[in-house]
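Below is one structure, written out as structure tokens, with a few remarks after it.
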Number of protein chains: 2
Amino acid sequence: METDQAWLPTAAFRAVGSRHTLVHGTGPLVDTVHRELAAGCGRFGGSVVRGAEGGGSCDLVLELGGDAEALGDEGFTYAREVGRTTVTAAGQRGLLYGLFHVVRLGEEAFHGERAQEIHRPTTALRMLDHWDNVAVHPVMGQVERGYAGGSLFWADGWARGDLERVRAYGRLIAACGINAVAVNNVNVHETEAHLLTDRIGEVADIAGALRPYGIRTHLSVTFAAPVVLGGLPTADPLDEAVRAWWAGATARVYEAIPDFGGYVVKADSEGRPGPFADGRSHADGANMLAAAVAPHGGTVHWRAFVYDHRQDWGDRTTDRARAAYDHFVPLDGEFAPNAVLQVKHGPMDFQVREPVSPLIGAMPGTRLAVEVQATQEYTGQQRHVCWLGPMWSEVLRFRPEEGVSVGELARGGLVAVSNVGDDPFWTGHPLGQANLYAFGRLAWNPDADPGAVLDEWIGLTFPEAPERLVAGLHDVLDGSWRTYEKYTAPLGVGWMVQPGHHYGPSVDGYEYSPWGTYHFADRDGIGVDRSAATGTGYAAQYAKPWAELYESPETCPDELLLFFHHVSYGHVLKSGKTVIQHIYDTHFEGVEEVEEAREVWASLAGLVVPARHARVTELFEEQLRSAREWRDQINSYFFRKSGVPDAHGRRIY
Amino acid sequence: METDQAWLPTAAFRAVGSRHTLVHGTGPLVDTVHRELAAGCGRFGGSVVRGAEGGGSCDLVLELGGDAEALGDEGFTYAREVGRTTVTAAGQRGLLYGLFHVVRLGEEAFHGERAQEIHRPTTALRMLDHWDNVAVHPVMGQVERGYAGGSLFWADGWARGDLERVRAYGRLIAACGINAVAVNNVNVHETEAHLLTDRIGEVADIAGALRPYGIRTHLSVTFAAPVVLGGLPTADPLDEAVRAWWAGATARVYEAIPDFGGYVVKADSEGRPGPFADGRSHADGANMLAAAVAPHGGTVHWRAFVYDHRQDWGDRTTDRARAAYDHFVPLDGEFAPNAVLQVKHGPMDFQVREPVSPLIGAMPGTRLAVEVQATQEYTGQQRHVCWLGPMWSEVLRFRPEEGVSVGELARGGLVAVSNVGDDPFWTGHPLGQANLYAFGRLAWNPDADPGAVLDEWIGLTFPEAPERLVAGLHDVLDGSWRTYEKYTAPLGVGWMVQPGHHYGPSVDGYEYSPWGTYHFADRDGIGVDRSAATGTGYAAQYAKPWAELYESPETCPDELLLFFHHVSYGHVLKSGKTVIQHIYDTHFEGVEEVEEAREVWASLAGLVVPARHARVTELFEEQLRSAREWRDQINSYFFRKSGVPDAHGRRIY
């Protein structure tokens, strides 16, 4: 089948394509703006002219030349007066985003009056990290944690020759505000290491395909590069030869890709090499690389996902949740200005429910980027509908300290692990596109209402949809994250997944493992005591009021109770239910909600393109099977362990 | 390193190689006998002559010409009179086995007098099944459930060009009495299917290398061969075209390999194709293949490993243990004389402790072969010392009905899944060789004392060993199976292993799975009720007295209690201990026994070839680590579930 048009279907350009537009300004991204408009006008009968100030006949003016101070490179003003819509931008990127703003508005952009609005992203860097391998990894495949087919960029050991889909991808993600892409897996294996040096040409080709949409290309590199590529005896970041090697290698990268974004580094994490080998700190490591890219305007994204992955499960004093804070907070203030510490939004690893990482807010002297996971590793692997907008919105609006939200604290950027592959629907599950779109829009404006973003996505992806379809899609998606939470791991406990591939339930799958991911369920109760008073002390890593709130089971929010506390099955939640009855109820409810969503989807047949409807219908069968499996295993496990019968006498095996 | 000589080291031929021997008779296997002797004499100064009746100067006579009726093709007589040792055989194979008997006796064969003894195998077919893939399987690798490197026969998609190791292998296994080898995995994948037709030449080469040691070659085939290889629309065993296709294909196999042994078939088992697809019975399927090989003297080994591997774990009425009996007993009497039903020794799948399959003894009108597993899939994967002689001996001496043992009932043969690969020590763990040897010797004589077989193996493998070494080796090996049982799954419950690869503990790993392998542990008790009165009725598949013995928890042997009954943790065993205390005690004891064995092994340094000592030492580290992991997980799991503290206050996490 042909590649799906996602949120830029032909009809999305109907309004703008049937108008008369003037484009003022020059430059490659202005050319892109013009090309987009010309294509739309070719289909819908409008016209577009370039160059000098146009006459009064134009419906739309897109002009370069606004207030650079106020707008920056990416902002734009939008106004409609006396029958003309005007977008003004100081930078070319701003003009492109202004065009897509007009496209999103559709007919609304050409009616009535509108006082000038300023649109400017909260976050300067809005990035997708692709965990794509160049060579197929024997265990992880072409895309690590990828659920949408192969890689857009790589196939069987080499860059794809045909970059048409990469261009289409750049266009799609620019339309929702993304401006950076890291093109390879943070776990840099042998083949991928060479992208930095002798295979930089392949990266340059990809960068060339993304550049017309204002997207800078980044590269994941191995900290051991000076050894494995450079033949040096050490990768010590304070060694002069190592620093010189990185400086030289980086200069050659910029020769090939003048607007190269920078490096992404996973170091001393899950077995990857890093500065610890030479007794150096993470700041030493990050700053050495920052020095290499600084002369060229590049940035280093240094991941904070550092923990002991060979933990003794019998030792309850070690707490993986503490690790990032414990490792990095002492280094606050030591990182170079162009070194960004990239922090996962929660302290563990993209579970369906986690508290916000206490690291965010605890490093005022460091540029932080916050990383979320669009690829649904722990949230249904793009076989389940699980719209993550509400989760990300909760994270971004969370205020670690009074007044300042995570979205604002993420001065180093917002990053999502990509959920895209070479699947015709881009994301495997066609409704998974909503996550990609929502990430871009929330990265641009972390305060945006996720429900409004969802409706925006529906409006664009299903143009001219009848109300019944719009309402049905909203129904199916809007509560899907909470539904997924209900039928999987309860009350913030997480991790009850099959080891390795992470799909499907296994309550004890990680319980006796070295990964630091435990629930400590016994016949009396469940949960991890992370209080300061009697537990691991993790709760004290937060500032007030959170440290106090999380410290006590009486004040801790229900949805995080088992993350912070070990309580009895009979413990009464704020909802008035006991923990065990909550487990039973949510698991029955979760399955019922999937059944309902499947019914709603079925009722939309005829309103959705058949191939798309069929794909989602098929996936709902698997989601329902899997949700029932979750329900039955979780309920059986806890019934067998607690001995407490379901208050409603439902069937538990 | 050079390939290990296992139980045929150079010194094993010292006694016979320093004597004067006459070989009388002709034929290829007589040539082999002569070649073996000539090589020994070349090293140790003896002599060997062939042909006419020799003079009085011979120490040893090996002669063809005994009583064919009494000895069969494989038996021989052994006697020593007036300073001369005489072996007489009616068939060439018998003469070869007589030679190895003399080799085993060593100096003892040349002293004193010995009245004539008749040696004859109880079982006509003593077979090793190799689960070797031709093409490396993406999940299972070159050898499915192989823990000794690659395959002896195949590498990367093709038969090995150099068959020197295959010849050496044939010699080794002939020396312990094996006379048949199936050269490929019973799960016949796409590449392997072609061995039957266009790639039979590769099998013929292997058969040629094994033939000089009296070993016939067998082939695993796919039941779907007429479809996948022959292009027919069906594999229906009653379809004339299908029957004709098999007849033709089989005739071509025998053209290539005139002494071809026959087919091994896994049909309608774990997703393999079989006669069910066409509504035919297993007898229909087996008999159709039996008809194809009958004109050529071949045999079909039809595996009885048939069960529902997509079971609903919530349904406690279905019992995998019942499956083989339920499927096959109704077919008793329907199988052709050259169709052998190959039954695993237990009803499940090679767990460390299972009852003997009730199928054995319940099909008097069918030729049965009994299959054991030398490859240590569930018994430590050749990283743990686990000598299986005592387990196999218990199985073979078990009497399903009064008077007749399993060893005698196995009229169709005794089969072991091979534990051999291209590892220099043959079996990965050097002490794993003892299992291969013991299987051959027990297949020849199922009544043999396993302790004597162990000492025989020690004597051959470590020739001229000091008493301290002999005693140490005996110590390390003799109780190792029971030690392994202690630190793994208790009281016959089985299956508490990591899913997929089956190494290491995971108590619930298969508990909520479709594989039919459950323990049903809850906060009150554990075990599977297989009684007739209140359970699945499996116990009633046995004849008396076993049906009665297993029916009640009062009479059921402790070691099988949880296989047959669900009991409370407080249930008192015949040993006087509660179930829960038994679990704790055996797990602490098991680890202590591994620690002791490791100490014994360490004390043997200097008495064992360094490479061999080092390999075992290294493996003991892993065994001890793993045993502790088992102990801690199993004890923690049951402590958390039962809430019962250890009576001795030992550390449980």
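Assorted remarks:
- Checking each residue of region B:19-27 against the condition of being at pLDDT 95 or above, within 27 Å of the chain's Cα centre (by Cα) and among the hydrophobic types (A, V, I, L, M, F, W, C) gives no match.
- Those residues of region B:440-452 which are open to solvent by 10 Å² or more (accessible area, probe 1.4 Å) and touching a residue at least 24 places away in the same chain (Cβ under 8 Å), in sequence order: B:Arg441, B:Trp444, B:Asn445, B:Asp447, B:Ala448, B:Asp449, B:Pro450, B:Gly451
- Here no strands (runs of 3 or more DSSP E) wholly within region A:122-165 include at least 2 residues being acidic (Asp, Glu) and over 23 Å from the mean Cα position of the chain (by Cα).
- From the options B:Gly535, B:Gly492, residue that is touching a Leu at 6+ places or on another chain (Cβ under 6 Å) and either within 14 Å of chain A (Cβ to nearest Cβ) or buried (at least 19 other Cβ atoms within 10 Å of the Cβ) (or both): B:Gly492
- Residue check, B:Leu469 open to solvent by 10 Å² or more (accessible area, probe 1.4 Å), outside any loop (DSSP other than H, G, I, E, B) and in contact with a Phe, Trp or Tyr (Cβ under 9 Å, 6 or more places away or on another chain): no
Conditions (1) buried (at least 20 other Cβ atoms within 10 Å of the Cβ); (2) within 19 Å of A:Ser642 (Cα to Cα); (3) in contact (Cβ under 8 Å) with a residue 12 or more places away in the chain, marked per residue:
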{"residue": "A:Ser513", "(1), (2), (3)": "no, no, yes"}
{"residue": "A:Thr517", "(1), (2), (3)": "yes, no, yes"}
{"residue": "A:Arg523", "(1), (2), (3)": "no, yes, yes"}
{"residue": "A:Gly527", "(1), (2), (3)": "yes, yes, yes"}
{"residue": "A:Ala539", "(1), (2), (3)": "yes, no, yes"}
{"residue": "A:Thr555", "(1), (2), (3)": "no, no, no"}
{"residue": "A:His566", "(1), (2), (3)": "yes, yes, yes"}
{"residue": "A:Ser575", "(1), (2), (3)": "no, no, yes"}
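- Applying the criterion of being within 14 Å of chain A (Cβ to nearest Cβ) and open to solvent by 60 Å² or more (accessible area, probe 1.4 Å) to the residues of region B:592-649, the residue that is farthest from the chain's Cα centre (by Cα) is B:Pro645.
- Selected residue (criterion: most open to solvent (accessible area, probe 1.4 Å)) from residues of region B:69-126 that are of a type in the set (Asp, Glu) and touching a Phe, Trp or Tyr at 6+ places or on another chain (Cβ under 9 Å): B:Glu117
- Matching option when the condition is in a loop (DSSP other than H, G, I, E, B), in contact with a helix residue (DSSP H, G or I) (Cβ under 9 Å, 6 or more places away or on another chain) and open to solvent by 20 Å² or more (accessible area, probe 1.4 Å), among A:Asp315, A:Asp268, A:Asp326, A:Asp284: A:Asp268
- Single condition A:Thr299 does not satisfy, out of (1) within 25 Å of the chain's Cα centre (by Cα); (2) under 19 Å from A:Phe563 (Cβ atoms); (3) open to solvent by 20 Å² or more (accessible area, probe 1.4 Å); (4) not aliphatic (A, V, I, L, M): (2)
- Among (1) open to solvent by less than 10 Å² (accessible area, probe 1.4 Å); (2) under 18 Å from the mean Cα position of the chain (by Cα); (3) under 20 Å from A:Val528 (Cα atoms); (4) of a type outside the set (Val, Ile, Thr), the one test that A:Asp349 misses: (1)
- Of all the residues in region A:383-401, those that are assigned to a helix (DSSP H, G or I) and not aliphatic (A, V, I, L, M) number 6.
- Filtered residues of region A:495-511 (kept if at the interface with another protein chain (Cβ under 10 Å from one of its Cβ atoms), open to solvent by less than 30 Å² (accessible area, probe 1.4 Å) and not acidic (Asp, Glu)): A:Gly504, A:Pro505, A:Ser506, A:Val507, A:Gly509
The values are calculated or read from the model by the stated rules, or taken from the named source; none is laboratory data. All values reported here derive from a predicted model rather than from experimental measurement. Don't worry about glycine lacking a Cβ; one is built from the backbone with ideal geometry, like all the others, and counts go over all protein chains shown. Remember, those area values only see protein heavy atoms, side chains included, never the ligands or the DNA or RNA. Shrake-Rupley method; radii C 1.70, N 1.55, O 1.52, S 1.80 Å.
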